[in-house]
Amino acid sequence: SAGFMTIDSWKARDPKTLDEVHAYYSENDKYLYDLVRWNASADYQRLLAALAGARNETILEIGTGIGTTAEYLATRGNKVETYDLPGVLRNFAAWRFQKLNGQAPRILESIPESGSYDRIVALDTIEHFHPDEFDETCDRLAGLLRPGGVLFAHNYWSQAEGSFPMHFDHSARWQAFVERHGMRQEGDLEWVKPAS
């Protein structure tokens, strides 16, 4: 999902700490333009199509980006809350959601401490989590799912020979997270929380 502008700006800033990574995403307008291109791609549209069955659900999206996924879900009868870091992307999504009136997703200031969601959606987001926040954030997401709820995630851990320097390879930690919470994988994109 990255483009050349994002790669170059990441390498120029070379963020290492959690705060530096968060600042990169909050301040980087180049990432917005790369996401416009990614959201228009056939690969991204296939991910959206995999969510077509989500109707009349309470959904939390992590990684609002430019708002495409949240808008897609909200206009299909779902109650959508979405979270992204404050800054360029979240501001753009808020502007975009203004035209949706009664169907607009609710933009959250932080990931909730408690709740009960039917589905949590994270498309190309979790690989951007800094290692210092991975376990705590993923464990919190699992706690926010209702019993039997679905974590819908597309994770691309690869750095693809330098094409995605902003991706962290959390593949082993992801597997440990899934096992820790007893989640059952269904297909390529869904992990189901135990019903009890």
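The values are calculated or read from the model by the stated rules, or taken from the named source; none is laboratory data. Model, not experiment: these values are computed from the prediction. Because the Cβ atoms are built from the backbone with ideal geometry, glycine has one as well, and the counts that use them run over all protein chains shown. These accessible areas exclude ligands, DNA and RNA; they are computed on the full protein's heavy atoms, side chains included. Shrake-Rupley method; radii C 1.70, N 1.55, O 1.52, S 1.80 Å.
Within 17 Å of the chain's Cα centre (by Cα), closer than 28 Å to Ile7 by Cβ, of a type in the set (Gly, Ala, Ser) and at pLDDT 95 or above - does that describe any residue in the range 109-126? Yes, some residue in the range 109-126 is within 17 Å of the chain's Cα centre (by Cα), closer than 28 Å to Ile7 by Cβ, of a type in the set (Gly, Ala, Ser) and at pLDDT 95 or above. Taking the conditions (1) open to solvent by less than 70 Å² (accessible area, probe 1.4 Å); (2) in contact (Cβ under 8 Å) with a residue 24 or more places away in the chain in turn, Gly182 satisfies each one other than (2).
Screening Trp157 on (1) modelled with pLDDT of 95 or more; (2) under 20 Å from Leu18 (Cα atoms); (3) within 16 Å of the chain's Cα centre (by Cα) shows it passes everything except condition (1). Of all residues in the range 29-43, those that are aromatic (Phe, Trp, Tyr) have Cβ atoms under 6 Å from Cβ atoms of residues that are not in a loop (DSSP other than H, G, I, E, B), 6 or more apart or on another chain, in Tyr31/Thr6; Trp38/Tyr44. Any idea how many residues of the range 59-87 are part of a strand (DSSP E or B) and either hydroxyl-bearing (Ser, Thr, Tyr) or open to solvent by 30 Å² or more (accessible area, probe 1.4 Å) (or both)? Of the residues in the range 59-87, 3 are part of a strand (DSSP E or B) and either hydroxyl-bearing (Ser, Thr, Tyr) or open to solvent by 30 Å² or more (accessible area, probe 1.4 Å) (or both).
Residues in the range 15-58 that are assigned to a loop (DSSP other than H, G, I, E, B), exposed (fewer than 13 other Cβ atoms within 10 Å of the Cβ) and among the charged types (D, E, K, R): Lys16, Arg55. When the range 142-176 is limited to residues that are aliphatic (A, V, I, L, M) and touching a helix residue (DSSP H, G or I) at 6+ places or on another chain (Cβ under 9 Å), the one that is surrounded by the fewest Cβ atoms within 10 Å (Cβ to Cβ) turns out to be Ala176. Inspection of the range 165-178 finds a residue satisfying the criterion of being outside any loop (DSSP other than H, G, I, E, B) and touching a Cys at 6+ places or on another chain (Cβ under 7 Å).
The lone criterion from (1) touching a helix residue (DSSP H, G or I) at 6+ places or on another chain (Cβ under 6 Å); (2) at pLDDT 95 or above left unmet by Arg90 is number (1). Only one entry of Leu73, Leu32 meets the criterion of being out of contact with any Gly (no Cβ under 8 Å at 6 or more places or on another chain), more than 22 Å from Pro131 (Cα to Cα) and modelled with pLDDT of 95 or more, and that entry is Leu73. Of the residues making up the range 88-136, those that are hydroxyl-bearing (Ser, Thr, Tyr) and either at positive phi or open to solvent by 20 Å² or more (accessible area, probe 1.4 Å) (or both) are Ser110, Ser114, Ser116. No other residue among Thr64, Thr58, Thr69, Thr82 is of a type in the set (Ser, Thr, Tyr) and in contact with a Pro (Cβ under 6 Å, 6 or more places away or on another chain) apart from Thr82.
Can you pull out every residue in the range 1-27 that is under 17 Å from the mean Cα position of the chain (by Cα), over 11 Å from Pro165 (Cβ atoms) and at pLDDT below 90? Result: Ser1, single match.
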